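Peer 1: This is the structure I want to talk about, given as structure tokens.
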Amino acid sequence: MKKFTALVALGLTLGIFTGCGKEPPVSTTAPTQPATLPVETTLPTEPTVPPTTEPPAPEVIGFDLTPPEGFTATVVQDSISVYISPNAPMDSSTITVERLPLDEGALTISQSALEALLLGVEEQTQPVTEETAEETSTEPAGETTDPNDSQSIRIHSMEQIEADGWPALLCDYTVAYPTYALHSLRCEVVANDRNYVFTFTDHTDNNFWLSDFREAVDSIDMILSTEGMELDYSHLTRYDLPCGLRMYAEQGLEPHEAPGFTDCIGNRNVIVLLMADDKVENNLLHLDLKEYAAMIAENNDLEDFRKDLYGNLHTSFYSTDETGRSYFNMLFLLDTDQDYWVCQFACSADDQAAYAREFSLWASSISA
């Protein structure tokens, strides 16, 4: 069976990213030995479970919200998104969105348990005795406690609400430190596959953002697999690739050498690698796209593939080159009549927030 190296972006980016943002790269030829493990397409030994005949229920594949004007995304990963204030670093107000394992119990959590969760401590389940109190209050001579380590929490309200039709728990609370206090709103949405926790933290002295944060809570939109996002390629450039595929991406991508790949285009900021996996030659005709994705993930120790905002099956990972520079990679899969296509997009980890959603949009445009 043919084997291919679909995860050689690390080796290739050594040439393409050299001098990123400064001088053009000297060479774009990949090293003869890729620095990452090859993708194995060996079929699993266990028989695959036949797909169900009933169509699956729509899944929540992402979220959208309208943050206060000027807030921008700075960190975007599979499990967390962060938006920062337009007045940073003077104003440290943030919006964070975490994706957690499904837990319907989050809707009925007790106030004491939620307080412990928000403070990052274990809930006190046993009464504190006089002996244990003396033990915990004893400090070694000469050591002092940072006054900001002492904190208390006040929950103003807890209520079950609906966020775009999904059950959610909205909590309004303040965490007080000796010299300042932070007012926050926390909305935990229980979707059908996981929990989404939206935390709006106001670092201003006069709660400047609080009313805007409340409006942002009302704007939360849970995106279903049947909805997707608007496909707008008007700001992108069309590329007709030698392999017969076409795609839309940012302007200025040029062909590069990528031994083992079917096609490669890139510039000093990003690289796109495409490889065809012949269904007949590699005995893949009996696999559907989800089964193929599961095989790729298992054979290469990747996170499971899942649908993004545009309905693409994707996963992501980080790689590091010999100099210690980190890269963000997104892997997409495409199904055509003759081949499965492995489409890899990579950029510097520092540019992840700028390119993560763009990569999804570009991938959605790939067609034969």
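Peer 1: If the requirement is being modelled with pLDDT of 95 or more, in the same structural domain as L253 (by TED's automatic domain parsing) and under 15 Å from the mean Cα position of the chain (by Cα), which of these qualifies: F305, F332, F317?
Peer 2: Working: F305 fails: modelled with pLDDT of 95 or more; F317 fails: modelled with pLDDT of 95 or more.
So the residue among F305, F332, F317 that is modelled with pLDDT of 95 or more, in the same structural domain as L253 (by TED's automatic domain parsing) and under 15 Å from the mean Cα position of the chain (by Cα) is F332.
Peer 1: I would also like to ask the following. Exactly one condition in (1) under 26 Å from N282 (Cα atoms); (2) among the aliphatic types (A, V, I, L, M); (3) in a helix (DSSP H, G or I) is false for A354; which is it?
Peer 2: (1)
Peer 1: For region 318-334, what are the residues that are assigned to a strand (DSSP E or B) and either surrounded by 19 or more Cβ atoms within 10 Å (Cβ to Cβ) or of a type in the set (G, A, S) (or both)?
Peer 2: S319, S326, Y327, F328, N329, M330, L331, F332, L333, L334, listed by residue number.
Peer 1: Does S367 fit the bill of being surrounded by fewer than 18 Cβ atoms within 10 Å (Cβ to Cβ) and either in contact (Cβ under 8 Å) with a residue 40 or more places away in the chain or touching a strand residue (DSSP E or B) at 6+ places or on another chain (Cβ under 7 Å) (or both)?
Peer 2: Taking the combined requirement at face value, the residue satisfies it.
Peer 1: Identify all residues within region 60-79 that are touching a strand residue (DSSP E or B) at 6+ places or on another chain (Cβ under 6 Å), assigned to a strand (DSSP E or B) and under 18 Å from F305 (Cα atoms); write none if there are none.
Peer 2: Within region 60-79, V60, I61, G62, F63 meet the criteria.
Peer 1: Let me ask something else about it. Scan region 70-107 residue by residue and report those that are surrounded by fewer than 13 Cβ atoms within 10 Å (Cβ to Cβ) and free of Cβ contacts under 8 Å to residues at least 12 places away in the same chain.
Peer 2: Selection gives P89, M90, G105.
Peer 1: Tell me yes or no: at least one residue of region 56-77 is among the acidic types (D, E) and modelled with pLDDT under 80.
Peer 2: Taking every residue of region 56-77 in turn, at least one turns out to be among the acidic types (D, E) and modelled with pLDDT under 80.
Peer 1: Same structure again: With (1) closer than 26 Å to V76 by Cβ; (2) out of contact with any Leu (no Cβ under 8 Å at 6 or more places or on another chain) as the list, and V270 as the residue in question, which single condition is left unmet?
Peer 2: (2)
Peer 1: Which condition does V121 not pass, out of (1) at pLDDT below 50; (2) in a loop (DSSP other than H, G, I, E, B); (3) not basic (K, R), if it passes all the others?
Peer 2: (1)
The values are calculated or read from the model by the stated rules, or taken from the named source; none is laboratory data. Source: prediction; values computed, not measured. Quick reminder, even Gly has a Cβ in these numbers, built from the backbone with ideal geometry, and neighbours come from all protein chains shown.
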